[in-house]
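Here's the structure we're looking at; comments come further down.
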Amino acid sequence: MPRILDVGCGPKKYPGAIGIDIHPATQADVLCDWSRGLPFRDSQFDEVRLIHVIEEVNDIFKTLAEVHRVAKPGARVVIVTPHYTDHASYCSPAHRWHLSSFSFWFFSGQPREYDYYAPAQFRERRVGVRLLQLWRVLGFEFLVNRSRRFRRFWEQYLSFLVRGKAITFELEVIK
Amino acid sequence: MPRILDVGCGPEKYPGSIAVDMNPTTAADVICHLDRGGLPFRDNSFDQVRAIHLIEHVADVIGTMEEFHRVTRPGGSILLVTPHYTDFSSFRDPTHRWHLNSYSFIYFYSGGMHGRDMWYTRTRLRERRLTVRLLNLWRALGFEFLVNHAGWFRRFWEQYLSFVIRGKVMEFEFEVVK
């Protein structure tokens, strides 16, 4: 059975996962302030999930470095976060970061000069963007997810009108 | 020869400048972390401070601007380049803490806050030059020219148009007033 870690699991933990959260009113199996580091040994997990968590952390780089450390080589990391054009990105004063569908290029296949900032390496396996219902019905969501070129055009020219909702990143841990 | 400080110089520093960066693998002459204790230079030591794609990363914009003001001589200049908040590059880098617009620095202008000086800082700057770049399509259609050549149009653009006619990068040159 794959070992799954649900970081910042909240009240609905991912089935079968080990949940970790700072707050006791959650389904967490491990209670701790994980922003100081994850209380697990290196290379323990086949999958690490951060669902609506990364936009709230103090330091995205440190968090992903910890995720990288506890994940096995080749493990899957799933990150879900609001798109910066979604109102949900601004609904919570705990949201420190407003991110786009290209925000994690930094960690995968970037120029070597960034290694200093982001030594933990991932491969981007999939990026999925959800749009507001109206735009989904009109086919924009299909196009955005179908072609990376269209996604870039959408991010640059359209996304404040044809607004995004949540982004799902699937990364593979490279060790 | 003018004394120029390049803050957050990255792999290529501005020719002839003294360069500062937190990252030792850059072209920096001095390694220091701006967010932890400021710049290791005396007051009024530079004619120009350049911060290219830096200000959107710092922990404290106001403290950093005060520090730039301190090390620049009276009448010297501060050059900033930073993304406009409607550009996608503002949201592409997970170390960007601040999303700014072309009025973000009126905080430091004399009379900048509704005719009054901002009472939370004593640092005063004068805007010498401000250029806003727009996406290619909008530049080709003449919007960039209008934004940069008519103050009223820039305000109208920021208020009404900028989520459609999106900005790219802004270049500010400030004169240090002491």
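Just so it is clear, none of the values below were taken in a lab; they were calculated from the coordinates. Nothing here was measured: the structure is a model prediction, and the numbers come from that model. Glycine also receives a Cβ, built like all others from the backbone with ideal geometry; neighbour counts cover every protein chain displayed.
Global dimensions of the range A:57-175 from alpha-carbon coordinates: Rg and Dmax equal 15.0, 43 Å. Along its first, second and third principal axes, ordered by size, the range A:14-60 spans 26, 25, 18 Å in Cα coordinates. Sequence-distant contacts, meaning Cα pairs under 8 Å at least 6 residues apart, place the relative contact order of the range B:1-101 at 23 percent.
Calculate how large, on average over all directions, the projected area of the Cα convex hull of the range A:36-94 is; give the answer in nm² to one decimal.
4.4
All other residues whose Cβ lies under 13 angstrom from that of A:Ile51 are scored, Lys and Arg at +1 and Asp and Glu at -1, for a net of -3. The trypsin sites (Lys or Arg not before Pro) of the range A:77-166 meeting both criteria, a DSSP state outside H, G, I, E and B (loop) and at most 14 other C-beta atoms within 10 angstrom of the site's C-beta, are A:Arg96. Hey, how much of the P(r) for the range B:18-162 falls beyond 26 Å, as a percent of Cα pairs? Value for the range B:18-162: 31 percent of Cα pairs lie more than 26 Å apart.
Of all DSSP-defined beta bridges confined to the range A:45-175, some 70% are antiparallel rather than parallel.
Given the rule -39500 (n - 2.57) for each run of at least 4 DSSP H residues, summed and divided by the residues of chain A, what is its mean residue ellipticity at 222 nm, to the nearest 500 deg cm²/dmol?
Working: 5 runs with 33 residues, N = 175.
Only helices count here, giving -4500 deg cm²/dmol.
Using the Cβ-Cβ distance between A:Leu134 and B:Tyr160 with R0 set to 30 Å, the FRET efficiency from 1/(1 + (r/R0)^6) comes to roughly 0.85.
Set the Förster distance to 35 Å, then compute FRET efficiency between B:Ala150 and B:Trp98 from the Cβ-Cβ distance, nearest 0.05. It would help to have the intermediate numbers written out before the result.
Details: r = 27 Å, r/R0 = 0.76.
My answer for the efficiency is 0.85.
Here the label points at B:Arg116 and A:Leu143, each 7 Å from Cα along the C-beta direction, are separated by 4.9 nm in the simple model. Each part reduced to its alpha carbon centroid, the range B:80-115 and the range A:120-175 end up 26 Å apart.
Take the Cα pairs of the protein assembly as shown, get the Kirkwood Rh, then feed it into Stokes-Einstein at 10 °C and 1.306 mPa s and tell me D in µm²/s. Intermediate results must be reported in sequence, preceding the final value.
Numbers: Rh = 22.3 Å.
Answer, rounded: 71 µm²/s.
Taking each residue as 0.36 nm, the span from A:Cys32 to A:Asp59 lengthens on full extension beyond its C-alpha to C-alpha distance by 8.0 nm.
DSSP beta bridges fully contained in chain B are about 50 percent antiparallel. Net charge dipole, the protein assembly as shown: roughly 760 debye, given to the nearest 20, about the Cα centre with Cβ charges of +1 for Lys and Arg and -1 for Asp and Glu. Largest first and in whole Å, the equivalent-ellipsoid semi-axes of the range A:1-85 read 17, 16, 13, each the square root of five times a Cα gyration tensor eigenvalue.
Extent of the range B:76-178 along its three principal axes (Cα atoms, max minus min coordinate, largest first): 41, 34, 25 Å.
About the centre of its Cα atoms, chain B shows a dipole size close to 420 debye [charges on the beta carbon of Lys, Arg (+1) and Asp, Glu (-1) only; nearest 20 debye].
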